[in-house]
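For reference, the structure is listed below as structure tokens.
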Amino acid sequence: MDLSSHVFSSFVGFLTGPSNRRNLRLRGWIKAFIVFSVLSEIAICQTPPESEQALQLHYQDQHVVMDNGILQVTLSNPEGFVTGIQYHGISNVLAYNGSEHDRGYWDLVWNFPGKTTKVTKGTVDRIEATKLEVIVQNDEQIELSFTRTWNSSLDKAVPVNIDKRFVMLRNSSGFYTYAIFERLEGWPAVEVDNIRIAFKLNEDKFHYMAISDERQRYMPLPEDRVPPRGQALAYPEAVLLIDPREPEFKGEVDDKYAYSMESKDLKVHGWISTNDSVGFWQITPSNEFRSAGPLKQFLNSHVGPTHLTIFHSTHYVGKELIISFEEGEAWKKVFGPVFVYLNSFPQGVDPLLLWNEAKNQTRIEEQMWPYEFPTSGDFPGSDRRGSVTGRFLISDRYISSEYISGNGSYVGLAAPGDVGSWQKECKGYQFWTKVDENGHFLIKNVRSGKYNIYGWASGFIGDYHNDTVIDIASGSNIDIGELIYEPPRDGPTIWEIGVPDRTAAEFYIPNPDPRYTNKLYMDHDRFRQYGLWERYTELYPDQDLVFDVDADDYTKDWFFMQVTRKVGEGGYNGTTWQIKFKLDKVVNETSSSYKLRIALATANVAELQVRVNDPKTPLLFTTGEMIRFETRIEEQMWPYEFPTSGDFPGSDRRGSVTGRFLISDRNGIHGVYWLNSVDVPSSSLLRGNNTIFLTQPLAVSPFQGLMYDYIRLESPDPLYHITIS
């Protein structure tokens, strides 16, 4: 018996079973040693796949096949759909049932403005090309171009010229794909909701899904979701598995949103056919072409087996992230390339370790970025890109007399805009990096163009924005010097709730209802469990949450989302949370106020109202209902001045807000971040006991509510600060 077989026959159950996930911290070093040993053996005894065969391009009736001797990729001609992938003895790793045009494809969702409401998903465009052109064909590379040129007679096609490219390299165990989208001047206005690549895999083969080290498992079958085997729950994507083919899944909830990931972490994901020891992966070596920055959450893989590469979507944000083109607006953007990678192991090696090998390949692809092989002039290589270096420091005079290193913070380049505008920017490219322990950063391989610098500091509220326009030219290397971020602060902290990390992850997340669980998330990421909104009413049956800053622990006593309360059969009420605190004295300065900072990790069709010491007094602050008006005129008039009720404040009785209410989605711990700064008059506070009331009054459904990131009350005392040396 060889080393890998012996090692894994002894330890595979120990390392991959449910108990392992409960003991990863204690046993992680064992797994690391075993993985290292096996991969070392594989590296020694198994050379990378190579073929003596030169690259070939075969023409068939209505198809074209790229063949490098390792795999063969069949595409429809001239539509450009991937209809077949032959690899490692499997005649087609893609779904063999149904239409061949429903196996591997680029698609998008779009609308003409005002033509349909955003309640619907709009028009789905499968991007059916009309022309094939062979761009490159030699012994080292094949590059195919499938194009569709728009004209006004194409009423079911988005008014964008689209060039889908497919590239195969010699001795490569996979293929690359990218697309060039272009609008010309004078074309009609249009809205685009979603842009993606989808692969539907052979469901008889691929049953194991892996999207991260902790988030991987055997998955149910698509037929398990269909009645009577499955029962639809509160929204169609969530299904209770009542009678699945495999008994191990009985009683679980399957929900594709439970497998979303942040863009910055979505580098490789895919499926494994354990019987064939074959893996199918999508590798994204850069997220520069994805919308809305590194924290935007995207779907990836889910039951099907479905495999997605999403470049743009409105999930977790809402209509603010619709790509809206004005009449006549020109635009061009390259999405990708991404690498569709297939790998395999010989008998005797645990096939689940294909995930580790795919991660190794991901590191190789990242080192190769930006790729040099794409022939399109719209994709610049490294010699046509620039870089920006600098140092990111934080100045908070109530914490330190010296500048604080921005260690762990994010700094990025995005289109010129306002504070936090990168969260909804989707027409251009974004380039982000993490700051090192000394505050230094390097943003490399930046496309030519004009950018602002944005950022946020780990452990501090708010967003950094430098409105100086940086013009990146081909080959330029710009040292921006020191960037000093001064987080919003008017005085010393009296009390605080949470951690300013742009998520609600640190708050109390309850166990799910045992009737509705996903076993993968029992020991981590519990916020991804189905139905947690209903646990609030169960935990607070008689009154809403009351939090004492002197006695309570936000990790145990602050529910992670302020949701509606279920009443009776199908009804819902808004909720009012209380924060209780004591003041030894009240600073009575007419020229200053206390400052309440409320950072929200997300909001969904909600409103936040703030009152102090009396829940029936006029509002001190409100965000107002999420704006959903039909015309921009109404938006410009908001907040209306004509309501006579004291409970509806005009603009003179509202605080400042960074950002706007945006729709979030399910199974997440954050959406779009925004910060509220509320002036609390000294006259409204008392020496001794005080209470802040946080009300979310909108209550039509169970999916309305807020997630807090961090709350802080600051004293107006101007003499407490430390002078920066």
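The values are calculated or read from the model by the stated rules, or taken from the named source; none is laboratory data. The shown structure was predicted, so the numbers you read here are calculated from the model rather than taken from an experiment. Cβ coordinates were reconstructed from backbone atoms using ideal geometry, including for glycine residues, and neighbour counts include every protein chain displayed. Side chains included, ligands, DNA and RNA excluded: accessible areas come from the protein's heavy atoms. Shrake-Rupley method; radii C 1.70, N 1.55, O 1.52, S 1.80 Å.
Computed on the Cα atoms alone, the convex hull of the stretch 91-249 gives a volume of 187 cubic angstrom per residue.
Remark: for residue pairs 200/424; 264/444; 332/450; 296/450; 267/444, the C-alpha separation exceeds 20 Å in 200/424; 296/450. Just the protein heavy atoms count here, and of the accessible area of the stretch 237-305 at 1.4 Å, carbon and sulfur take up 40 percent. For the pair residue 588 and residue 61, the difference between a 0.36 nm per residue extended length and the Cα-Cα distance amounts to 181.2 nm. Summed over the residues of the stretch 416-536 and divided among them, the accessible surface reaches 43 Å² per residue at a probe radius of 1.4 Å. Once you order the gyration tensor axes a ≥ b ≥ c over the Cα atoms, which shape class does the stretch 447-543 get: rounded for a/c under 1.5, otherwise prolate or oblate by comparing a/b with b/c? Cα axes put the stretch 447-543 in the oblate bin. Solvent-accessible area of the stretch 420-563 (1.4 angstrom probe, protein heavy atoms only): carbon and sulfur portion equals 44 percent.
Within the accessible surface of the stretch 163-233, defined with a 1.4 Å probe on protein heavy atoms only, the carbon and sulfur portion equals 47 percent. Legend: calculated FRET efficiency, residue 156 to residue 613, from the Cβ-Cβ distance at R0 = 60 Å, rounded to 0.05, equals 0.50. The value obtained for the stretch 491-554, namely the Cα convex hull volume divided by the number of residues, is 119 Å³ per residue. Sorting the segments 137-143, 125-131 by their mean number of nearby beta carbons within 10 angstrom, highest to lowest, gives 125-131, 137-143. Assuming a ≥ b ≥ c are the square roots of the Cα gyration tensor eigenvalues, decide whether the stretch 319-461 counts as rounded (a/c under 1.5), prolate (otherwise, with a/b larger than b/c) or oblate. In terms of gyration-tensor shape, oblate. Between rounded, prolate and oblate, where does the stretch 463-601 land on the alpha carbon gyration tensor, with a ≥ b ≥ c its root eigenvalues, rounded for a/c under 1.5, else prolate if a/b exceeds b/c? Oblate is the answer for the stretch 463-601, as a/c is 1.5 or above yet b/c matches or exceeds a/b. In this simple spin-label model, placing a label point 7 Å from the Cα along the Cα-to-Cβ direction at both residue 479 and residue 555 gives a separation of 4.3 nm. Working ranking of peptides 499-510, 310-321 by packing, defined as the average number of other Cβ atoms within 10 Å per residue, highest first, is 310-321, 499-510. Residues whose amide H falls under 5 Å from that of residue 439, counting only those 5 or more places apart or on a different chain, are 406, 407, with hydrogens built in the peptide plane. The H on the amide N of residue 485, modeled in the peptide plane, is under 5 Å from the matching H of 393, 394, 395, each at least 5 residues off or on a different chain.
Both the radius of gyration and Dmax for the stretch 259-383 are 16.8, 61 Å, in that order, over alpha-carbon atoms.
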